[in-house]
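The values are calculated or read from the model by the stated rules, or taken from the named source; none is laboratory data. Note that this is a predicted model, so its numbers are computed, not measured. Cβ coordinates were reconstructed from backbone atoms using ideal geometry, including for glycine residues, and neighbour counts include every protein chain displayed. For accessibility, only protein heavy atoms count, side chains too; no ligands or nucleic acids. Shrake-Rupley method; radii C 1.70, N 1.55, O 1.52, S 1.80 Å.
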Amino acid sequence: PFCGGHKVVLNTLTKMVQVPAGANEQFSIPLNLEGDQHPDMSPGNVLVTLRVDSHETFTREKNDLHYRANITLFEALLG
């Protein structure tokens, strides 16, 4: 790695985070001291915030997923 005299080397890092089941919009995971680092400065924190996109088939109400389907009486009774 070459810093070009800036004392900083640019790098890309991939981190895996665990998102608990039922996590909703605005759920945040702090990654302490994982931010940018510069000489004579403490590394910053990274805050990963969840964004929940809408889905064409499922809807969400709190911790429940809902799916609506039209079925016949025969399908309802016998599967």
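Side notes on the structure shown:
- Viscosity 1.306 mPa s, 10 °C: Kirkwood-radius Stokes-Einstein D of the chain over Cα pairs, µm²/s: 91
- Rolling a 1.4 Å probe over the protein heavy atoms gives the chain an accessible area of 98 Å² per residue.
- The amide H of PHE27, built 1.01 Å from its N in the peptide plane, has LEU50 as neighbours under 5 Å, considering only residues 5 or more places off or on other chains.
- The chain - charge dipole about Cα centre, Lys and Arg +1 at Cβ, Asp and Glu -1, debye rounded to 20: 100
- GNM flexibility winner over the chain from GLU56, GLU25, GLU34 (Cα, springs under 10 Å): GLU56
- Sequence of PHE2, PHE74 from largest to smallest accessible area, 1.4 Å probe: PHE2, PHE74
- Here's the picture: charge each Lys and Arg Cβ at +1 and each Asp and Glu Cβ at -1 in the chain, and of VAL17, GLY35, LEU73 the one pushed furthest to the positive end of that dipole is GLY35.
- The range 5-49 - Debye-derived log10 I(q)/I(0), Cα point model, q = 0.16, 0.24, 0.26, 0.34 Å⁻¹: -0.56, -0.93, -1.02, -1.28
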